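First up is the structure itself, then whatever we jot down about it.
The values are calculated or read from the model by the stated rules, or taken from the named source; none is laboratory data. Note that this is a predicted model, so its numbers are computed, not measured. A quick note on method: Cβ atoms are made from the backbone with ideal geometry, for glycine too, and the neighbour counts reach across all protein chains shown. Heads up: the accessible areas ignore ligands, DNA and RNA and are worked out on the full protein's heavy atoms, side chains in. Shrake-Rupley method; radii C 1.70, N 1.55, O 1.52, S 1.80 Å.
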Amino acid sequence: MRYVFIVNPTAGKGNLQEKIINRINNYFAAHEGSYKIEITQCRGDARLIAKREAEEGDKVAIFACGGEGTSFEVINGVYGFENAVVGVIPCGSANDFLKYFGGNDAFSDIENQISGSVCRMDLIKAGNDYCLNGCSAGMDAMVAHDMVLFKRWPFVSGSAAYKLAIVKTFMRRLGITVNIKIDGEDKGQKRCLFAVIANAPFYGGGYMGAPDAVPNDGMLDFTQVDMIKRLHIPKFLSLYQKGRHGSLKACSMQRCKKFEFVSEKPIPVNMDGEIVFADSMSFEIVPDAINFLLPKTVAEQSKILTNF
């Protein structure tokens, strides 16, 4: 097994990368194994490096050392290569997907990662790309767009950046009008605040938008949030953050395998933190899509392992 560590030097605050690199070098100084560290230079590098390494054909573990954006690129680089397994070493400000497995600590431990086990993980096919954690459209996606700006501020955490982005978004005209289909059934035109298509529970720096989502169950968890008066949005978000929004009249939640929308004009769409503007897009679950590495301590508690 080869090990490749793709490090995004700008992820998060940029203050964890040196520590991670030192831990990697120290581990392999004391243990046998073939490894390399690749530092990305620009957007898109992680995807290209991951694909190049996967194309060599032998078994390889490729670690995304960054945030959701780095993981997004690595996953899209290795998708379709059965010889490759994806690992995540968190350097970003949120790392929301890892919260499903208990958070960052186990994933930050290099020895714990190398001695881990592999599971099969679902992906969301969003347009021509693949997402591990989740997608959203509308106000939520615009918040994710603005969140990137606030994360660069000193001493601003991922959750604080999300809240600042919400305040900024409040200053705009809220809501989207879309025609939607769920599993091929036309649901007609909807006016809503935002919609979430999730593979795992958390996003946006810890908001539990899809509390029942399981990332290897072959299903999407879809949440639609109808228009809410501005004065009521803060109260709604306090419940939404804790995953307690399911009983609210403004929310509808269901499980599906495919979600599609068409809009009269381009709207913001969030794909694992990557923001695009589109007037139509489809989101479809791809079951058992990639090999994903779980650290040893996480794997010991997991029931979703496979042989690799």
Relative contact order (percent, whole number), the stretch 1-120, Cα cutoff 8 Å, 6+ residue spacing: 30 percent
With DNA, RNA and ligands ignored, accessible area of Cys135 (1.4 Å probe; Å², nearest 10): 0 Å²
At most 14 other Cβ within 10 Å, DSSP loop - GluC sites (Glu not before Pro), the stretch 62-157: Glu82
P(r), alpha carbons of the stretch 205-295 - 10 Å bins starting at zero, rounded %: 13, 37, 40, 9, 1
Charge context of Pro295, other residues only, Cβ under 15 angstrom, K/R +1, D/E -1: -1
Karplus-derived HN-Hα couplings along the stretch 75-88 (A = 6.51, B = -1.76, C = 1.60, θ = phi - 60°), whole Hz, x at Gly and Pro: 4, 6, x, 9, 4, x, 9, 6, 7, 9, 10, 9, x, 10
Over the stretch 131-200, relative contact order from alpha-carbon pairs under 8 Å, at least 6 apart, %: 44 percent
Sulfur and carbon atoms: percent of accessible area, the chain [1.4 Å]: 50 percent
Rounded tilt (10° steps) of 158-170 against the dominant C-alpha axis of the chain: 30 degrees
Helix 139-151 axis, angle to the chain major axis (alpha carbon atoms, nearest 10°): 50 degrees
Total formal charge among the other residues, if their Cβ is under 12 angstrom from that of Thr70, Lys/Arg +1 and Asp/Glu -1: -4
For Asn95, residues with placed amide H under 5 Å, excluding near neighbours: Glu68
Net charge, Lys257 excluded, C-beta distance under 13 Å - Lys, Arg +1, Asp, Glu -1: -3
D (Stokes-Einstein, µm²/s), Kirkwood Cα radius, the stretch 4-66, 1.002 mPa s at 20 °C: 173 µm²/s
Mean separation of Cα contacts under 8 Å, 6 or more apart, over the residue count of the chain: relative contact order %: 22 percent
For Ala278, distant residues with modelled amide H under 5 Å away: Ile267, Val269
Karplus-derived 3J(HN,Hα), 6.51/-1.76/1.60, for each residue of the stretch 118-129, Hz, glycine and proline x: 9, 10, 8, 10, 6, 10, 9, 7, 10, x, 9, 10
FRET efficiency, 1/(1 + (r/R0)^6) with R0 45 Å, evaluated for Lys249 and Lys36 via beta carbons: 0.25
Distance (nanometres) between label positions extended 7 Å along Cα→Cβ at Glu56 and Phe170: 5.2 nm
Calculated diffusion of the stretch 1-146, Stokes-Einstein form, Kirkwood radius summed over Cα pairs, 20 °C and 1.002 mPa s, µm²/s: 137 µm²/s
Radius of gyration, Dmax [the chain; alpha carbons; angstrom]: 19.0, 61
For Tyr35, residues with placed amide H under 5 Å, excluding near neighbours: Tyr3
Principal semi-axes in Å for the stretch 106-152 [√(5λ), Cα gyration tensor, largest first]: 29, 19, 7
